[in-house]
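J.: Below is a structure I'd like to ask you about.
Laboratory data are not the source of any read-out in this text; all were calculated from the coordinates shown. Small disclaimer: the values here were computed from a predicted structure and weren't measured. So basically every Cβ, Gly included, is an ideal-geometry build from the backbone, and we count neighbours across all protein chains shown.
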């Protein structure tokens, strides 16, 4: 299969940059990053298009996320297509594969990791480094990481703390697992959603300058922060909510819900201010539909006040803290 590909050659191109778009995008999607990633024109940038239409979007995909049974085979097939595209581009432009940078966003970032970290061969040496922006990786095992050579390829992992599609905790864990496997990892997170920010591009450019000089930057991946409003499951409900001695404020939410993301920091502020008087938890209704059904949650965000497991008061929608506290019957704090 031949991939549709755009190629942009910098005025002083010395190495190849393979830049892989995410699910539902196309080969033009990441081209706008080049003025930030390659302001000096030092790359020949290859931007291929995923081979499959992505249902529900105007763009394309590298493999089917929804086919759980076929994820590994789909990932492997996409990786082989891209390995071939990388070989051909390096040969066409007379650039060394071992000097190439493989980068991507979301689904493309997962594949960039798969290309960079599997066992090299004489014909296919490792690329110089991997830039993984908001990576979507179905599981560490799909990467087929080679422990014997893991330390040869530096990786920069970037992610948004407010990403509604891929939880930041999941990507932080991925970065930690890569580092535990011997990969030289730098991990950065930013107050953004499932996108790229100017700050992340600035950090990527600085990191690229280091790896181009042959360095292998590595930093400890930060621990997960203590959650002010931890998640509870159906199995934990009896202990954490129904059995609580304190009244419990429950935030019913979902990652795709924009108003939920607006009210989340408000609930966190309340948790900080009301520590010791109220307990605060959240319920992802997509993951815990039985809890949503039990308490008649049909619209979100719904913030409920529970005593002894009984829903006493509720507030629907994203609202300022004082209004939310008043609707829940709490003494409004200044």
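J.: In degrees from 0 to 90, rounded to the nearest 10, what is the angle of the helix 198-212 Cα long axis to the longest principal axis of the chain?
T.: Tilt relative to the chain: about 40 degrees.
J.: Evaluate the relative contact order of the chain (contact order divided by residue number), counting alpha-carbon pairs under 8 angstrom at least 6 apart; express in whole percent.
T.: Numbers: 650 pairs, mean separation 37.2, N = 334.
RCO, the chain: 11 percent.
J.: While we're on this one: What FRET efficiency comes out for the pair residue 53/residue 202, r = Cβ-Cβ distance, R0 = 30 Å, nearest 0.05?
T.: Details: r = 34 Å, r/R0 = 1.14.
E between residue 53 and residue 202, to the nearest 0.05, is 0.30.
J.: What are the equivalent ellipsoid semi-axes of the range 19-117, built from the alpha-carbon gyration tensor (square roots of five times its eigenvalues), in whole angstrom, biggest first?
T.: 23, 16, 11
J.: Right, next: Which of these, 12, 24, 74, has the largest mean-square fluctuation under a Gaussian network model of the chain (Cα springs below 10 Å)?
T.: Per the Cα network of the chain with a 10 Å cutoff, 12 tops the list.
J.: Moving on. Report, in cubic angstrom per residue, the convex hull volume of the C-alpha atoms of the chain. List each step's numbers first, then the result.
T.: Working: hull volume 50.7 nm³, N = 334.
Value for the chain: 152 Å³ per residue.
J.: Compute the helix-to-body angle for 107-117: its Cα long axis versus the longest principal axis of the chain, expressed 0 to 90° and rounded to tens.
T.: That works out to roughly 50 degrees.
J.: In addition: Using alpha-carbon pairs under 8 Å, 6+ residues apart, how would you state the relative contact order of the range 1-140 in percent?
T.: Reported relative contact order: 26 percent.
J.: Normalized C-alpha radius of gyration of the range 266-334, against 2.2 N^0.38 Å?
T.: That ratio works out to 1.10.
J.: What span do the alpha-carbon atoms of the range 195-334 cover on each of the three principal axes, reported in whole Å from largest to smallest?
T.: 62, 36, 30
J.: Any idea what angle helix 258-273 forms with the longest principal axis of the chain, computed on alpha-carbon atoms, 0 to 90 degrees, nearest 10?
T.: With both axes taken from Cα atoms, the answer is about 60 degrees.
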